[in-house]
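Written below as structure tokens is the structure these notes are about.
The values are calculated or read from the model by the stated rules, or taken from the named source; none is laboratory data. Since the structure is predicted, the reported quantities are computational estimates derived from the model, not experimental observations. We place every Cβ from the backbone using ideal geometry, glycine too, and count neighbours over all the protein chains shown.
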Amino acid sequence: MSLQRCTEADLAAFRSARIDEMSVARRVARVKSRSLKADTKDRLLRLAVSMVDLTTLEGMDTPDRVRALCHKASRPLAEQPDLPSTAAVCVYPAMVPAAREALGTSSPVGLASVATGFPSGQLALGQRLSEVRWAIDHGATEIDMVISRGRLLTGDWGWVFDEIAATREACGPVVLKVIFETGELGSLETIAGVSQLAIAAGADFIKTSTGKISPAATMPVTFVMLDVIREHYLKTGRMVGMKPAGGIRTAKQALQYLVLVAETLGADWLTNERFRFGASSLLNDLLRQLIRRQEGTYPSPRRISVD
Amino acid sequence: MSRLGIHKTLKMYVGGSFIRSESGRVIAHHSTAGDVMYVPRASRKDLRNTLEIARKAQPGWGGRTPYNKGQILYRIAEMLEDRAGAFPAPKAQVTTAVDRAVHHAGWSDKIVAVLSSINPVSSGHVNYAHLRPVGVVMVLPSAQDGLLGLVEAICAPLLMGNSVIVMVPTELSEVAGALSEVLAVSDVPAGVVNLLMGDVPSVMDTADLLDDLDTLVVGPGTLSPERLTASEQAAARTMRRVIRAPSAEAPTDAMGLGRLAEVQTVWMASGGPGVTSGGGGY
């Protein structure tokens, strides 16, 4: 893919994004109050399982832990073999070889690697790009990059555009998700502007957070990002994906996010090619709710393995 | 100048907070002063949420030293004594309840020694059995036992390191409200003791479906025989313990307290005959 370009006028347009916070809050409140019919809930719970990027991003990660995670991602619940696998596993670059070995070469489960000096992004650009290439060479099929928030907050938006474009180029055909760390960006307007910038620079997915700081994903932030995706689609016809990550732990929250997606972008985005949850504990709660709907009783969390 | 009366809203006590039912539903009931009082009516969702809160709180409480648990149980007695005059119950009943809390506080650092044992085994091992908490205990105290029944329902599982959900009979709602205020200032960590109010049999329909609940303690006369049998049958599905408790007139004895704990047996190589290497195991 050729390197994307943007002009000062484009950057000025990104910077001048305006958001009415009150109407965002009202919209989110309305979505949260929606009630779902039982069979829709069943369908959405299964869909949510298929949208999880099952994540482990800890200093104490080991190849064995990653292998266990890959097995769980491939077959989330042994007693329900017809459940879909999760969309992907998400690991540090050093764990990519172990994950690729566990998944094999024909797994439907994607292998996402965070890269570019995750979570802070505080490495020289050359090192960050070589990390991306290393992860892809060892089997990653998706790259979750972080942007340089420091550059962004000091006004150097052009630099952030260029780093995303450079990472896009380094990724080639591999899926690129761009993490903003929205909890550090201050306002919904900055988030809207950065969303436009990342999409223009070639992001396949825009992603809220690293999961390392609080607040992580929230519904107002997700709504603003979805709305930018919508505007971009109406303008260009290109469908960009969305990945809220961090802080989504319950099935109930996941369903609310899916309602938000359906109402903002429509059913075309209700697929794991365009919407993901970056989460670790969410999967277990989804499985608990699925067991509850099948068996009629509320299963103990202790019944499901903790990863 | 006349002054408007300040009426207290009766609330449940969950996770260290005083809450209404999420359903907004209430049961009208007469208070001791003869006024109509609206008792929150715990819903299925309230019970599910409470169980999650109690589950989270249990390891922290169970991990405290027996001495510290005893101190906190004693603090419950102190706070109860302090408020005896303001309790919606006769003074004599409060005094008995205070004494009961002190009784259990005293057991806290002794019960493990009484119920643990070193077991004779035919190999070169030291084999001992000791206690650990059973987990989350739901208690249905009897309305006839009054304040004493509530204190017993709380203190006995607490001293064994469990977290507790008390399903308060409507007749005891007012006194349970006052007891919640005692618990809130007794250094009992949030979520370790939770008091729900409302219609007991309908809440039990949900409790029977909650696999994460470890033990159910049923006071005399709280459930019909058929309802109790249904709960026992549901409990069999997940090996939940169901204890038919006697009246709270006498404190739960050592064997009764033992039923609020799991026994863990530990084998340790002692280097005797038949043992070639050291190490321990379960």
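In table form, for the structure just shown:
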{"quantity": "Tabulated pairs, the stretch A:77-93, first on the phi > 0 side of the Ramachandran plot and without any contact (Cβ under 8 Å) to a residue 60 or more places away in the chain, second hydroxyl-bearing (Ser, Thr, Tyr) and not in a loop (DSSP other than H, G, I, E, B), C-beta under 8 angstrom, 6+ apart or interchain", "calculated": "none"}
{"quantity": "Residues within the stretch B:1-24 that are among the basic types (Lys, Arg) and crowded, with 16+ Cβ neighbours inside 10 Å, tallied", "calculated": "2"}
{"quantity": "Failed condition for B:Met160, given (1) within 12 Å of the chain's Cα centre (by Cα); (2) of a type outside the set (Val, Ile, Thr); (3) within 14 Å of chain A (Cβ to nearest Cβ)", "calculated": "(3)"}
{"quantity": "Residue that is farthest from A:Thr208 (Cα to Cα) [pool: residues in the stretch A:109-129 that are part of a loop (DSSP other than H, G, I, E, B) and touching a residue at least 40 places away in the same chain (Cβ under 8 Å)]", "calculated": "A:Thr116"}
{"quantity": "Every pair of residues 6+ apart whose Cβ atoms lie under 6 Å, when the first sits in the stretch B:191-213 and is within 14 Å of another protein chain (Cβ to nearest Cβ) while the second is among the β-branched types (Val, Ile, Thr) and surrounded by fewer than 23 Cβ atoms within 10 Å (Cβ to Cβ)", "calculated": "B:Leu209/A:Thr297; B:Asp211/A:Thr297; B:Asp211/B:Thr238"}
{"quantity": "Residues within the stretch A:203-215 that are touching a residue at least 40 places away in the same chain (Cβ under 8 Å), in a loop (DSSP other than H, G, I, E, B) and charged (D, E, K, R), tallied", "calculated": "1"}
{"quantity": "Only one of A:Val261, A:Val306 that is in contact with a helix residue (DSSP H, G or I) (Cβ under 6 Å, 6 or more places away or on another chain) and either within 14 Å of chain B (Cβ to nearest Cβ) or at pLDDT 95 or above (or both)", "calculated": "A:Val261"}
{"quantity": "Inter-residue pairs, beta-carbon under 9 Å, first within 9 Å of chain B (Cβ to nearest Cβ) and in the stretch A:280-301, second of a type in the set (S, T, N, Q) and part of a helix (DSSP H, G or I), 6+ apart", "calculated": "A:Tyr298/B:Thr206; A:Pro301/A:Asn284"}
{"quantity": "Unmet requirement for A:Leu77, which otherwise passes all of (1) outside any helix (DSSP H, G or I); (2) over 22 Å from the mean Cα position of the chain (by Cα); (3) more than 21 Å from A:Thr250 (Cβ to Cβ)", "calculated": "(3)"}
{"quantity": "Selected residue (only one of B:Val36, B:Val14, B:Val94 is modelled with pLDDT of 95 or more and more than 21 Å from B:Leu210 (Cα to Cα))", "calculated": "B:Val94"}
{"quantity": "Residue within the stretch B:244-253 that is within 14 Å of another protein chain (Cβ to nearest Cβ), at pLDDT 95 or above and crowded, with 19+ Cβ neighbours inside 10 Å present", "calculated": "no"}
{"quantity": "Test: A:Thr86 is buried (at least 22 other Cβ atoms within 10 Å of the Cβ) and assigned to a loop (DSSP other than H, G, I, E, B)", "calculated": "yes"}
{"quantity": "A:Thr40 being over 20 Å from A:Gln256 (Cβ atoms), surrounded by fewer than 15 Cβ atoms within 10 Å (Cβ to Cβ) and not hydrophobic (A, V, I, L, M, F, W, C)", "calculated": "no"}
{"quantity": "Wholly enclosed helices (runs of 4 or more DSSP H) of the stretch B:42-122 bearing at least 1 residues in contact with a strand residue (DSSP E or B) (Cβ under 8 Å, 6 or more places away or on another chain)", "calculated": "B:44-62, B:111-115"}
{"quantity": "Selection count where residues are of a type outside the set (Asp, Glu), surrounded by fewer than 18 Cβ atoms within 10 Å (Cβ to Cβ) and over 21 Å from A:Asp137 (Cβ atoms), scope the stretch A:156-188", "calculated": "4"}
{"quantity": "Filter result (out of contact with any Asp or Glu (no Cβ under 9 Å at 6 or more places or on another chain), more than 22 Å from A:Ile206 (Cβ to Cβ) and of a type outside the set (A, V, I, L, M)) within the stretch A:267-288", "calculated": "A:Asp285, A:Arg288"}
{"quantity": "Residue within the stretch B:136-143 that is within 14 Å of chain A (Cβ to nearest Cβ), surrounded by 20 or more Cβ atoms within 10 Å (Cβ to Cβ) and not small (Gly, Ala, Ser) present", "calculated": "yes"}
{"quantity": "Selected residue (criterion: farthest from the other protein chains (Cβ to nearest Cβ)) from residues of the stretch B:214-240 that are in contact with a strand residue (DSSP E or B) (Cβ under 8 Å, 6 or more places away or on another chain) and over 21 Å from B:Val151 (Cα atoms)", "calculated": "B:Leu228"}
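Conditions (1) among the polar types (S, T, N, Q); (2) in contact with a Leu (Cβ under 8 Å, 6 or more places away or on another chain); (3) farther than 17 Å from B:Tyr67 by Cα, marked per residue:
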| site | (1), (2), (3) |
| --- | --- |
| B:His104 | no, yes, no |
| B:Ser108 | yes, yes, no |
| B:Pro141 | no, yes, yes |
| B:Ala178 | no, no, yes |
